[in-house]
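I have placed the structure first, in the form of structure tokens, so that the comments after it can refer back to it.
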Amino acid sequence: MIEVWTWPTPNGHKVHIMLEECGLPYKVVPVDIRAGEQFKPEFLAITPNHRIPAIVDPDGPGGRRLALFESGAILIYLAEKTGRFIPADGIARYTCLQWLMFQMGGIGPMFGQLNHFRNYAKEKLAYPVERYMNETQRLMRVLAKRLAEAPYLAGDEYSIADMAAWPWVRGSDTRGVPLADYPEVKAWVDRIAARPAVQKAVQVLADKQRSAPITDKERDVMFGATQFARR
Ligand SMILES: N[C@@H](CCC(=O)N[C@@H](CS)C(=O)NCC(=O)O)C(=O)O
């Protein structure tokens, strides 16, 4: 059975969604990233990057065990393993990969930095908030344009590109970018939220989700000396 080493964050949810959509049996291994469990030797043995999500598939390519990190790589792997949620070939396949990379290289890092400087940074600095707010709004406009011409990012079919972007975009209001300002994007968020597999996926480790402000100890784990210790 596939193990998913994870936590209930947008990057974790991408993989939970894909596993639920494909109906693959999986075992959740929680990695509490505020408590520093990402630095435990057993997790570092799977991913030197000490970030969730990561998977271990005992029945990987050629019947060999595969340990894999980076959510985009995991989504492509699961799509190819099951033959689902990625077009088989041609322009449709590259369009799907293009929007997946747009999430991995744009939405994830930029929205993440906006979250950091708006919600987590101890000092509230105007320049980074403005910089990442501008980038986030620009990326939202790109999404809105795409979703005005097609129901899903890859085109007519729901795919791993949507699964990658949705967990980040649905939380738009919490980073001060109202979804209501982007009606095409909001309609897409609602369409995906209605999928039974997505509703199940967001319940994975939902009891661990916390909205309480970050403590000093957690700040050290996530953004301080513990995070940046040489390993
Ligand atoms: N590019 C990576 C990003 C993974 C990532 O940033 N994961 C966060 C949670 S969403 C994490 O594990 N953070 C732990 C830490 O910062 O120590 C991916 O998409 O898998």
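Cut-off is 10 Å between beta-carbons; in what order do Phe43, Phe223 appear when sorted fewest neighbours first? List each step's numbers first, then the result.
Values: Phe43 20, Phe223 15.
In increasing order of surrounding Cβ atoms, one gets Phe223, Phe43.
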Each residue of the range 162-170 in order: what ³J(HN,Hα) in whole Hz does its phi give by Karplus 6.51 cos²θ - 1.76 cosθ + 1.60, θ = phi - 60°, with x for Gly and Pro? 5, 4, 6, 7, 4, x, 7, 6, 4
Among beta bridges assigned by DSSP with both residues in the chain, the antiparallel ones amount in percent, to the nearest 5, to 60
Using helices alone, what [θ] at 222 nm do you get for the chain, with -39,500 (n - 2.57) per DSSP H run of 4 or more residues, divided over all residues and rounded to the nearest 500? -14500 deg cm²/dmol
If I take R0 = 22 Å and measure r between the Cβ atoms of Ala73 and Lys200 in this structure, what FRET efficiency does the formula 1/(1 + (r/R0)^6) give, to the nearest 0.05? 0.40
In Hz, Karplus ³J(HN,Hα) per residue of the range 136-145 (6.51, -1.76, 1.60; θ = phi - 60°; x = Gly, Pro): 4, 5, 5, 5, 5, 5, 5, 4, 4, 4
By Cβ neighbour count within 10 Å, fewest first, Met222, Met110, Met1 rank Met1, Met222, Met110
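When a footprinting reagent is the concern and you count Cβ atoms within 10 Å, what order do Thr215, Thr95 take, fewest first? Intermediate results must be reported in sequence, preceding the final value.
Details: Thr215 10, Thr95 18.
Ascending Cβ contact count within 10 Å gives the list Thr215, Thr95.
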Just how large is the dipole of the chain about the Cα centre, in debye to the nearest 20, putting +1 at every Lys and Arg Cβ and -1 at every Asp and Glu Cβ? 480
What is the distance in Å between the Cα centroid of the range 188-218 and that of the range 74-125? 17
Links exceeding 32 Å between C-alpha atoms in this model, out of Lys122/Lys200; Lys124/Lys200; Lys14/Lys122; Lys145/Lys208; Lys145/Lys217, come to Lys122/Lys200; Lys124/Lys200; Lys145/Lys208; Lys145/Lys217
Based on the Cβ-Cβ distance of Thr226 and Asp89, what FRET efficiency does E = 1/(1 + (r/R0)^6) give at R0 = 35 Å, to the nearest 0.05? 0.15
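Read-outs: derived from the displayed coordinates by stated rules, not from any lab. Computed from a predicted structure; not experimentally measured. Cβ coordinates were reconstructed from backbone atoms using ideal geometry, including for glycine residues, and neighbour counts include every protein chain displayed.
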